[in-house]
Amino acid sequence: MIRFLHASDLHIDSPLRGLDRYEGAPVTRLRTATRSALERLVDKSLEEKIAFVLLAGDIYDRDWQDFHTGLFFREQMVRLDRAGIRVFMVQGNHDAQGVISRQLILPPNVTVFSSRTAQTFQIAELAVAIHGRSFPERVVTEDLVPSYPDLVPDFFNIGLLHTSLTGRPGHDTYAPTDLATLTAKGYDYWALGHVHAREVVSEAPRVVFPGNLQGRNANETGAKGCELVTVEAGRIEAEFVALDVVRWNQVVVALDGLDRLEALGDAFREALAPVLVGATDRLHAVRVTLTGSTALHRLEANQPGTLAAAVQAVAQDVSDAEVWIEQVRLELTTPMDRAQAAQRQDAMGELIRLVDSIAGDDAALTSWAGVELGDLLNALPTEVTTGVAASDVLRLDNFADLRALLTDAEATVLARLAAAADGT
């Protein structure tokens, strides 16, 4: 029987910028989460008495600012070495040899595959052969798989590869290949890395992205961890093991027809409950989106921050888990007959007609966004526009997002006009 762990994309010490702007954010815990997840991986390896660990690239997020990042990783590898657990790893686009300039001698239990040529390492006593190749530079556009060695007969053959396969949303294309090419090698298991969402690509052969070990922002949601694999008599059994210490979630709360803050609290509490099931031992970082047509939007227009505070109050009352509200987004409208309101000869009618005119013309929409937002977007620092939260940055060529922003702005102004008309 063979037992091993397969993990990838640890991104140790990944920089999480901008956290200081969130009042009450658990900054230290968020910034050390990638380290804590690796410690959990080592703990699990020791607990399960596995034979070896596979790390499929992007151990680090970038070149080290100093040696502390590398020394921390080495310390964890030493823990495995003392237990006789071997580690086999390839370097990916974030930690390629052309990216990481500082070097440390790793303990003898760690094998790093060459970036110059594909290699095979055998564990004779287990009849296991592990094949792999590291990235020489950050950008690898060639398919590395054809260069991988032939399988070792009568051994359990594993391919260790950092790749985007045929492409995955949200991930740059590196070392592209396809399932047919992987299958043609005849290996029993392909331990992949690069894609941060867990995906079982194939069962025969078993081809798996385990996902990253720890989510780093609100776009990397749900449980994160590794694969625990058992091979007995040629049969593979695998289970996902959650190792994240901070779990990111996105919760959508529909407020249609609700007009009381108490009702908002009840709706959010109901929406939050499922994400906490079986995971109350972690810090939950939650992004909340409030949607729908509700009189509460008028209240928000008069007292900005009211709805976010109501959500945060509910989070404080959760007794069986720790919840931090990362952000509350509003996609709300004030109840009204829009067609009828557009006929009005006042500020409300004029606003609705103007918004319809802009939203219905891509050129007008782009022009409006450029005038109102261009300077702001151009002033954003590079680490924001290219970092882990870059997908949250508005793009002037994304018409759907621009229309959503315009609609939200209209809803806010309409709510304030309505409140002013009511004398509130």
| Among 33-46, 166-179, how do they line up from the highest to the lowest mean number of other beta-carbon atoms within 10 Å? | 33-46, 166-179
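Quick check: convex hull of the Cα atoms in region 227-298, volume per residue, rounded to a whole Å³? Working shown, then result.
Numbers: hull volume 8.1 nm³, N = 72.
Dividing the Cα hull volume of region 227-298 by its residues yields 112 Å³.
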| message | Would region 213-257 count as rounded, prolate or oblate if I go by the C-alpha gyration tensor, calling it rounded below 1.5 in a/c and otherwise prolate when a/b exceeds b/c, oblate otherwise? | response | prolate
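Would region 135-239 count as rounded, prolate or oblate if I go by the C-alpha gyration tensor, calling it rounded below 1.5 in a/c and otherwise prolate when a/b exceeds b/c, oblate otherwise?
Values: a/c = 2.28, a/b = 1.21, b/c = 1.88.
Because a/c hits 1.5 or more and a/b fails to exceed b/c, region 135-239 counts as oblate.
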| request: Normalise the Debye intensity by I(0) for the chain, one equal point scatterer per Cα, no solvent, then take log10 at q = 0.10, 0.11, 0.13 Å⁻¹ and round to two decimals. | output: -0.79, -0.91, -1.12
| query | Rounded to the nearest whole Å², what accessible area per residue is found for region 1-111 with the 1.4 Å probe? | reply | 43 Å²
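Counting only protein heavy atoms, what percent of the accessible surface of region 196-255 is carbon or sulfur at a 1.4 Å probe?
Working: 960 of 2130 Å².
Reported share for carbon and sulfur atoms: 45 percent.
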| Can you work out ³J(HN,Hα) from phi for every residue in region 91-106, in order, using Karplus 6.51 cos²θ - 1.76 cosθ + 1.60 and θ = phi - 60°, giving whole Hz and x for Gly and Pro? | 9, x, 5, 7, 10, 4, 4, x, 9, 7, 8, 7, 10, 9, 7, 7
| Taking the Cα centre of each part, how many Å lie between region 288-351 and region 81-99? | 48 Å
| message | Probe radius 1.4 Å, ligands and nucleic acids ignored: give me the carbon and sulfur share of the accessible area of region 54-136 as a rounded percent. | response | 49 percent
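Considering only the other residues whose Cβ falls under 13 Å of the Cβ of Thr32, what net charge follows from Lys and Arg at +1 and Asp and Glu at -1? Walk me through the numbers on the way to the answer.
On the way: positive: Arg29, Arg31, Arg35, Arg40, Arg216; negative: Asp13, Glu39, Asp244.
Net of charged neighbours comes to +2.
For the pair Asp375 and Ala83, what calculated FRET efficiency results from E = 1/(1 + (r/R0)^6), where r is the Cβ-Cβ distance and R0 = 60 Å, to the nearest 0.05? Please report the intermediate quantities before stating the final value.
Working: r = 57 Å, r/R0 = 0.95.
The formula returns an efficiency of 0.60 here.
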| query | Angle between the Cα long axis of helix 306-317 and the longest principal axis of the chain, 0 to 90 degrees, nearest 10? | reply | 40 degrees
| task | Can you check what the net charge comes to around Glu262, using other residues whose Cβ is under 14 Å from the Cβ of Glu262 (Lys, Arg +1; Asp, Glu -1)? | result | -2
| request: Quickly work out the Ala421-to-Glu142 label distance, labels modelled 7 Å from Cα along the C-beta direction, and quote it in nm with one decimal. | output: 6.9 nm
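Give, as a single signed number, the net charge of other residues whose beta carbon lies under 13 Å from the beta carbon of Ala175, with Lys and Arg counted +1 and Asp and Glu -1.
Values: positive: Arg133, Arg138, Arg168; negative: Asp58, Glu137, Glu142, Asp143, Asp172, Asp178.
Neighbourhood net charge equals -3.
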| query | If one computes the Cα centroid of region 1-76 and of region 117-143, what distance in Å separates the two points? | reply | 22 Å
| task | Please label the shape of region 46-173 as rounded, prolate or oblate, based on the square roots a ≥ b ≥ c of the eigenvalues of the alpha-carbon gyration tensor (a/c under 1.5 means rounded; beyond that, a/b larger than b/c means prolate, else oblate). | result | oblate
| task | Only Cα pairs under 8 Å and at least 6 apart count here; give the relative contact order of region 153-196 as a rounded whole percent. | result | 49 percent
| Leading residue at positive end of dipole, the chain (Cβ point charges), from Ser134, Leu406, His162 | Ser134
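The values are calculated or read from the model by the stated rules, or taken from the named source; none is laboratory data. Remember, it's a predicted structure, so these values are computed and weren't measured experimentally. Cβ coordinates were reconstructed from backbone atoms using ideal geometry, including for glycine residues, and neighbour counts include every protein chain displayed. Surface accessibility is based on the protein's heavy atoms, side chains included, excluding ligands, DNA and RNA. Shrake-Rupley method; radii C 1.70, N 1.55, O 1.52, S 1.80 Å.
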